[in-house]
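Enquirer: Structure below; questions to follow.
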Amino acid sequence: EISDITQKGYEKKRSKLIGAFFPQTPGKSDLSFSAFNKYDAMCYCTFDICTNWRGRAVKPPLCVSADVHTEAVQAALAKHKERKMAVPMPSKRRSLVVQTSMDAYTPPDTSSGSEGEGQGDGTSSSREGSISMEHWISRAIHGTSSTTTTTSSTASSSSSSTRSGGSGAAGGRLADVLNHSAPPDVTGYTNNTATDGIQVERAPGAGNAAQRQTPKYGNAELMETGDGVPVSSRVSAKIQQLVNTLKRPKRPPLREFFVDDFEELLEVQQPDPNMPKAEGAQMVAMRGEQLGVVTNWPPSLEAALQRWGTISPKAPCLTTMDTNGKPLYVLTYGKLWSRSVKVAYNLLHKLGTKQEPLVRPGDRVALVFPNNDPAAFMTAFYGCLLAEVVPVPIEVPLTRKDAGSQQIGFLLGSCGVTVALTSDACHKGLPKSPTGEIPQFKGWPKVLWFVTESKHLSKPPRDWFPHIKDANQDTAYIEYKTCKDGSVLGVTVMRIAMLTHCQALTQSCSYTEAETIVNVLDFKKEVGLWHAILTSVMNMMHVISIPYALMKVNPLSWIQKVCQHKAKVACVKSRDMHWALVAHREQRDVNLSSLRMLVVADGSNPWSISSCDAFLNVFQSKGLKPEVICPCASSPEALTVAIRRPVEEGSTPPGRGVLSMQGLSHGVIRVDSEEKLSVLTLQDVGSVMPGAMMCAVKPEGVPQLCKADEIGELCVCTVATGTSYYGLAGMTKNTFEVFPTSNIGAPISEFPFTRTGLLGFIGPGGLIFVAGKMDGLMVVGTRRHNADDIVATALAVEPMKFVYRGRIAVFSITVLHDERIVVVAEQRPDSTEEDSFQWMSRVLQAIDGIHQVGVYCLALVPSNTLPKTPLGGIHLSETKQLFLEGALHPCNVLMCPHTCVTNLPKPRQKQPEIGPASVMVGNLVSGKRIAQASGRDLGQIEDNDQARKFLFLSEVLQWRAQTTPDHVLYTLLNSRGTIAGSLTCVQLHKRAEKIAGMLAERAHLQDGDHVALVYPPGIDLIVAFYGCLYAGCVPITVRPPHPQNIATTLPTVKMIVEVSRSVCVMTTQLICKLLRSKEASAAVDVRTWPPVMDTDDLPKKKPPLLYKPSNPDTLAYLDFSVSTTGMLAGVKMSHTATSAFCRSIKLQCELYPSREVAICLDPYCGLGFVLWCLCSVYSGHQSILIPPSELEVNPALWLSAVSQFKVRDTFCSYSVMELCTKGLGLQTDSLKSRGLDLSRVRTCVVVAEERPRTALTQSFSKLFKDLGLHPRAVSTSFGCRVNLAICLQGTSGPDPTTVYVDMRALRHDRVRLVERGSPHSLPLMESGKILPGVRIIIANPETKGPMGESHLGEIWVHSGHNASGYFTVYGDEALQSDHFSSRLSFGDTQTIWARTGYLGFLRRTELTDASGERHDALYVVGALEEAMELRGMRYHPIDIETSVIRTHKSITECAVFTWTNLLVVVVELDGSEQEALDLVPLVTNVVLEEHYLIVGVVVVVDIGVIPINSRGEKQRMHLRDGFLADQLDPIYVAYNM
């Protein structure tokens, strides 16, 4: 099935496979692929010239119309028929899903697919029911850009199956796109080992309903539970499906290329050697016929108006309609002339003053008229021409912030517009301010509104006549044009060009005087303006104008008007033909035989051909002659580029080109007779305009002529084009002054050509074919795709059922140096989740099958929510803008980065590092200084430290109680900032004695027994700790369970008590009750608690004797903590280590009895515990204790205490700092007025076990700078399990430094310093100074060899206060044995080091430390166990999270983890649930752009779902377990394909 075959072989094989799936109806030849009966040797393409217009077999009813494209799409989807594969459906929270009952849900495969479509297309063929389920795909009439407005009656939404994502209706599972059979489902959660890849297969031909059950996802059949919800809806199973789906890559494997030391190179797409290349001769420029100058042609349009207005004033010029289709008003040539003269006079003479007129000839004025008032527009337009003022027709701005109206405002500003002409009704309808003024629209210049109705104007004096000249080089009008990026340009058209264009149109359309023409187009621009406003007046024709509003109510109105007025000509778009078809119900009185020409304005859209064919098909019986249909091609720059001439009956029929899409995507014209699937059938748009010359040039680079079989941008050379983009000389030169060159580089003409913006070629017989627009071109990899083609393919997948009115937008966004295709469609209001997912997966298959290109993102939005252009189309650039800003609010999103992104860097292979064999000279490793550093040497420091002579902290306390009994050691504050309790040396000593007595008496403890202390942060905890020391017991401090959250917090308490082998628990009375409560017994087995003693009322009597410890290497206490990866680890701290630790901190922070230190930390483990309980007793300073939980009540508590007690040193955690930054951000002024002063603080240290959070510390410093906080004061410390404090910014020593490293190099475990602000730079702040008595070395975690300076490696530490080992790591003792006793593999192999498990690097700075040495800075990068190995590179979660949080304002927090090699990103959403899906593309984009990683799953959750431990670190592993166990209640889960 998946052998590696060449492209050609693949094409052959594919057409064989597909042949069988074309639905063949007996007795009907497959008309869509007519025989190619003419091979034209000049051009390498075959054209099918349909000669059988007259005697053609009657086509079948419309609904089964063999529209080429629809069938191609069916076939592409049928390809995926055999292989069924499980694809995870996104999960939505129920509030995001509209619910109806399960019974209302009819699986589409059992319905005939036409219930609700009754009024849509009338004919429901019997054949439809018998097509097998897989052909249940569009009987779309055809692929134009709009479809019926009917709604389907099979409304359904299965909220149960939606949530479960399980047993939905059958249909192309997305993975089928990926071209392989289903691998075995390896979800290990099913307890069902026999299910080795159950495939839901059907015997070929089993198309009848009886055998068509709904295929289940994966092995869901065997997993069905009692209530019918498949177990496979579990997240873990869905992820497994996704992994299976992604197992075999569909795209060719990446080519090899070299990775230099640092750079990860993105792969540059190499052109495919087998791709088709143009082989034809160089094309020859085509000349149109001579522009014959007829003697009575007027010398200018104004002259024509004057002539008809005076000699036939009663002749009708324009008839306007109301919304009921009744004639509203007939404007005669006499009226048009007199009113235009009046407008001209008033413009020139009645605005401003006589000396200073507001408008002079040559000035630009805006024309703002609604689409239902062509008469007022026409009068104003000709008034401007007569006054020699330049009209700039624009759309009516409906609100102050219309999509695109701001850009139009910029155009008006750049044209210097100060006056806007408008009609009375329109003026009344404009938004007004309370004073009645028309507000200034966003982006608009200040304009004077001038109403052009006659009754508001003064009559010109009898002797005043407008100056009527022959057409000259002055600008006649400016037509606006919206570019691909949404900016608006003004195309200037000269008077001579305007006249010549009208003459050319008159000649090619054979217009004659007094003909009647029905116009449905917008008369303000392009084809509508040229035919219905300009050329009509030149020829004194009568225009019947049909407003858009009437078309919406009655789509047949234009056909009725043609019959009623026996009109000769009608100007329409394919949309209007399409609407007429949909609304058409065998009307008797329709007769279109009067039409000699039906101008199809968007005939250059490759998809208009199906509208034309279908329209002819139905209306041929109503007198419509085939040769009447005249598609034309035009652009704002080149005006009419080509138009098919209305021919005499029986002359040569028009041409068709059936081109290979594959060829087109390489810019070559090929007819692929084998490959019926992906072809584009084009109709010609006639020949070159009279008096013009045309050629095709290469779309990029130098305008070189194309070869005959190559697609290029069409360029024309004629008087009748625009001349410039107003005010933009550079762009003008590139567009209006192009000199095409031959292949030898010589220009082909001395006259400049104008680029039309259309892609196409000149076919046989000089017929012009247009294959797309430059604006819709998307270059993906090395191939070009046209947005319109992709729209058509998507619409061919059941548009009637699904896409609301055919409103669909296709554009590309640049992600990771290539364009990526995005499809956005409005979904029908009644479609279910199941339908949506179904439709999306089929669209992906269809686009892949036909265009061989992957869609990066497919988004569905609720009906009517895409930004509209004034005539109801989709405002593309605005849609793209909303998508990129995350403001589109889709209701469904499917991203396929795995299939689209093929230019990622190659996964990295590890290079062997320096081994012991490399020469080690002195302290150099391969030429670099060894990365080692140390704090001050404890032995050499002379200080009068009295506490040093004691080996045990209990002795220090007894000594202090004797020498300074009343010295206060501890002060505890409550949330109001008042003192809740304090302890002097002697009070602490006395209370500790009582606890020791209690332990001896009640618990009968032995020396060395373990005691768990479960206390809230406060003084009781300290007392209990020293009580244990006095009794010779080993204390373990444990955070008490949270009363509001016993279920999750109590098991941790229980686990620590059990793992630490505590023989008794000491706590307060309150917690004592809590441990035995009903809630507690629901969470844990309360019967297995060791004895619990409450210490609230202590015995009065002293213990007989205090315990005298003898061996300082015995255990002083155990320190238990849960790491960020969710591991519970307890480390052993001996008496020696504890004293060394206290001494090290005393020296670093210069702590003496006269000092006060404020501590706002959790006192249960690490440095927090040491600072809270131990340091004051050792150094004698006063500790002001602030429990962090109190800050939730009063965020200012900590800083107020620091200010009030005039504290110089304070310690906090990141969560405290974040609380202050968020909670006090807006209150700094009021705090200042209350006298809060932080100017005395010299060190504010964040106690942490992670990489410093630079952004947080910086914003904290900035925020409180106004309150006197010195920016140098804020710093961080670093500790870990093996050594609770390695670095701590002390009082002396240089300030912490920050370096910027290249994030890409870090992934390769390298450090490369870069400038601040350079791309991919990451700021790293030094983690404080290395403590006295600590030595550090950087070692390779794999080889254990020493690393050179500025190399990334594991931080190893040697110090007197290292912990002496794990007490027990839950079940992992063997693994962790070397954490405390590692030796280097070469170099200094004697020293015993402890491994921190953190990656970091050392760098010698220019600064000097206290001892005069150059200072070595330690930078911590991240924990090894947190780092993720992806694509052979090491990623630190925090880097990806930082990028994600920056991407959208609603993302408040983010956590990432991997599961089976998929990257899962969880984001917390602060906003409405409607924004949830906006985040999916943004998250995927940013991670691709900045980290070269593809996100597998995006999970959007509520605020506060990401679990955080007491140190403010994210618990990513808990989050992962919660996600896999379906416990997060996410708002949305997107599985990226």
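Enquirer: Any idea which residue in segment 751-761 is nearest to N903 (Cα to Cα), counting only those that are open to solvent by less than 20 Å² (accessible area, probe 1.4 Å) and hydrophobic (A, V, I, L, M, F, W, C)?
Expert: The qualifying residue nearest to N903 (Cα to Cα) is L759.
Enquirer: Can you name the residue in segment 989-1024 that is more than 17 Å from P1099 (Cα to Cα) and over 53 Å from the mean Cα position of the chain (by Cα) and is also least open to solvent (accessible area, probe 1.4 Å) among such residues?
Expert: If we take residues in segment 989-1024 being more than 17 Å from P1099 (Cα to Cα) and over 53 Å from the mean Cα position of the chain (by Cα), then V1011 is least open to solvent (accessible area, probe 1.4 Å).
Enquirer: With respect to L1118, determine if the residue is within 22 Å of S1139 (Cα to Cα), in contact with a strand residue (DSSP E or B) (Cβ under 9 Å, 6 or more places away or on another chain) and buried (at least 19 other Cβ atoms within 10 Å of the Cβ).
Expert: Criteria met by L1118.
Enquirer: Then there is this: Please work out which residue is most open to solvent (accessible area, probe 1.4 Å), limiting yourself to segment 921-956 and to residues that are closer than 21 Å to V1357 by Cα and modelled with pLDDT under 65.
Expert: Residue satisfying both the conditions and the ranking: Q940.
Enquirer: Just to be sure, is A917 open to solvent by 20 Å² or more (accessible area, probe 1.4 Å) and at pLDDT 90 or above?
Expert: No; evaluated as a whole, the condition is false for this residue.
Enquirer: Ok, one more. Name the single residue, out of those in segment 580-604 being in contact with a helix residue (DSSP H, G or I) (Cβ under 8 Å, 6 or more places away or on another chain) and modelled with pLDDT under 85, that is surrounded by the fewest Cβ atoms within 10 Å (Cβ to Cβ).
Expert: D589
Enquirer: Here is a further query. Kindly establish whether C571 is within 19 Å of T320 (Cβ to Cβ), open to solvent by less than 30 Å² (accessible area, probe 1.4 Å) and either at pLDDT below 95 or out of contact with any Ser or Thr (no Cβ under 8 Å at 6 or more places or on another chain) (or both).
Expert: The answer is yes for C571.
Enquirer: Looking at L1418, is it crowded, with 17+ Cβ neighbours inside 10 Å and either closer than 17 Å to H1491 by Cα or without any contact (Cβ under 8 Å) to a residue 24 or more places away in the chain (or both)?
Expert: For L1418, the condition - crowded, with 17+ Cβ neighbours inside 10 Å and either closer than 17 Å to H1491 by Cα or without any contact (Cβ under 8 Å) to a residue 24 or more places away in the chain (or both) - is not met.
For (1) outside any strand (DSSP E or B); (2) under 24 Å from the mean Cα position of the chain (by Cα), each residue gets a yes or a no:
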| position | (1), (2) |
| --- | --- |
| G1387 | yes, no |
| R1403 | no, no |
| G1422 | no, no |
| S1443 | yes, yes |
| V1456 | no, yes |
| L1463 | no, yes |
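Enquirer: Mind counting the residues in segment 1092-1107 that are part of a loop (DSSP other than H, G, I, E, B) and open to solvent by less than 30 Å² (accessible area, probe 1.4 Å)?
Expert: Adding up the residues that qualify gives 3.
Enquirer: Filter segment 1448-1484 down to the residues that are in contact (Cβ under 8 Å) with a residue 40 or more places away in the chain, closer than 15 Å to V1499 by Cα and among the β-branched types (V, I, T) and list them by number.
Expert: Matches in segment 1448-1484: T1452, V1456, V1464, V1466, V1480, T1484.
Enquirer: What residue, among those in segment 1281-1328 that are among the acidic types (D, E) and closer than 18 Å to G935 by Cβ, is farthest from the chain's Cα centre (by Cα)?
Expert: Across segment 1281-1328, the extreme among qualifying residues is D1295.
Enquirer: Confirm whether T1068 is in contact (Cβ under 8 Å) with a residue 12 or more places away in the chain and either among the charged types (D, E, K, R) or surrounded by fewer than 21 Cβ atoms within 10 Å (Cβ to Cβ) (or both).
Expert: Yes; evaluated as a whole, the condition is true for this residue.
Enquirer: Between a first residue in segment 306-335 that is within 14 Å of E513 (Cβ to Cβ) and a second residue that is part of a strand (DSSP E or B) and open to solvent by 40 Å² or more (accessible area, probe 1.4 Å), which pairs have beta carbons less than 9 Å apart while being 6 or more apart in sequence or on different chains?
Expert: Sorted first by the residue in segment 306-335, then by its partner, the pairs are P316/V330; C317/V330; Y333/P316.
Enquirer: To continue, here is another question. Cβ-Cβ under 8 Å, sequence separation 6+ or interchain: first residue in segment 419-444 and of a type in the set (D, E, K, R), partner open to solvent by less than 90 Å² (accessible area, probe 1.4 Å). Which pairs?
Expert: These pairs meet every condition: D424/V451; D424/E453; K432/I438; K432/P439; K442/S405; K442/Q406; K442/G409.
Enquirer: Would you check if P867 is buried (at least 22 other Cβ atoms within 10 Å of the Cβ) and in contact with a Leu (Cβ under 8 Å, 6 or more places away or on another chain)?
Expert: Spelling it out, it is not the case that P867 is buried (at least 22 other Cβ atoms within 10 Å of the Cβ) and in contact with a Leu (Cβ under 8 Å, 6 or more places away or on another chain).
Enquirer: Which of the residues spanning segment 1312-1336 are over 19 Å from H1415 (Cα atoms) and in a loop (DSSP other than H, G, I, E, B)?
Expert: Matches in segment 1312-1336: R1312, V1314, E1315, R1316, G1317, S1318, P1319, H1320.
Enquirer: Here is a list of conditions, (1) in a helix (DSSP H, G or I); (2) out of contact with any Gly (no Cβ under 7 Å at 6 or more places or on another chain); (3) surrounded by fewer than 22 Cβ atoms within 10 Å (Cβ to Cβ), and Q881 meets all of them except one; can you say which number that is?
Expert: So the condition that Q881 fails would be (2).
Enquirer: Now for a separate question. Of the residues S1154, S1110, S1176, S1081, only one is of a type in the set (S, T, Y), at pLDDT 90 or above and surrounded by fewer than 18 Cβ atoms within 10 Å (Cβ to Cβ); which?
Expert: The unique qualifying residue is S1154.
Enquirer: Looking only at residues that are open to solvent by 30 Å² or more (accessible area, probe 1.4 Å) and of a type outside the set (S, T, Y) in segment 318-336, which one is farthest from P466 (Cα to Cα)?
Expert: Step by step, filter segment 318-336, then rank; the result is N324.
Enquirer: Counting just the residues of segment 727-746 that are surrounded by 11 or more Cβ atoms within 10 Å (Cβ to Cβ) and assigned to a helix (DSSP H, G or I), which one comes out nearest to the chain's Cα centre (by Cα)?
Expert: Among those residues, the one meeting the criterion is M731.
Enquirer: Checking K1054 against (1) open to solvent by less than 10 Å² (accessible area, probe 1.4 Å); (2) out of contact with any Lys or Arg (no Cβ under 7 Å at 6 or more places or on another chain), only one condition comes out false. Which one?
Expert: All conditions pass for K1054, except number (1).
Enquirer: Within segment 426-470, how many residues turn out to be among the small types (G, A, S), out of contact with any Gly (no Cβ under 7 Å at 6 or more places or on another chain) and at pLDDT below 90?
Expert: Adding up the residues that qualify gives 4.
Enquirer: Looking at G663, is it at pLDDT below 85 and either open to solvent by less than 20 Å² (accessible area, probe 1.4 Å) or over 30 Å from S724 (Cβ atoms) (or both)?
Expert: Taking the combined requirement at face value, the residue does not satisfy it.
Enquirer: Take residues that are open to solvent by 10 Å² or more (accessible area, probe 1.4 Å) and tell me which of the strands (runs of 3 or more DSSP E) falling wholly in segment 412-510 contain 1 or more.
Expert: In segment 412-510, 448-451, 475-482, 488-494 are the strands (runs of 3 or more DSSP E) which contain 1 or more residues that are open to solvent by 10 Å² or more (accessible area, probe 1.4 Å).
Enquirer: Which residues, taken from segment 753-811, are of a type in the set (A, V, I, L, M) and not in a strand (DSSP E or B)?
Expert: Within segment 753-811, L767, M774, A787, I790, V791, A792, A794, L795, A796, V797, M800 meet the criteria.
Enquirer: Let me ask another. For segment 1129-1152, what are the residues that are charged (D, E, K, R) and part of a helix (DSSP H, G or I)?
Expert: R1143, K1146
Enquirer: Going through segment 773-805 one residue at a time, which ones are small (G, A, S) and surrounded by fewer than 24 Cβ atoms within 10 Å (Cβ to Cβ)?
Expert: G776, G781, A787
Enquirer: Could you grab me the full set of residues in segment 320-373 that are more than 30 Å from S405 (Cβ to Cβ) and touching a Pro at 6+ places or on another chain (Cβ under 9 Å)?
Expert: Result: V330, T332, Y333, G334, K335, W337, S338, V341, Y345, H349.
The values are calculated or read from the model by the stated rules, or taken from the named source; none is laboratory data. Everything quoted here is computed from the prediction, not taken from an experiment. No Cβ is skipped: glycine too gets one built from the backbone with ideal geometry, and neighbour counts run over all protein chains shown. Calculation scope for accessible area: heavy atoms of the full protein, side chains included, ligands and nucleic acids excluded. Shrake-Rupley method; radii C 1.70, N 1.55, O 1.52, S 1.80 Å.
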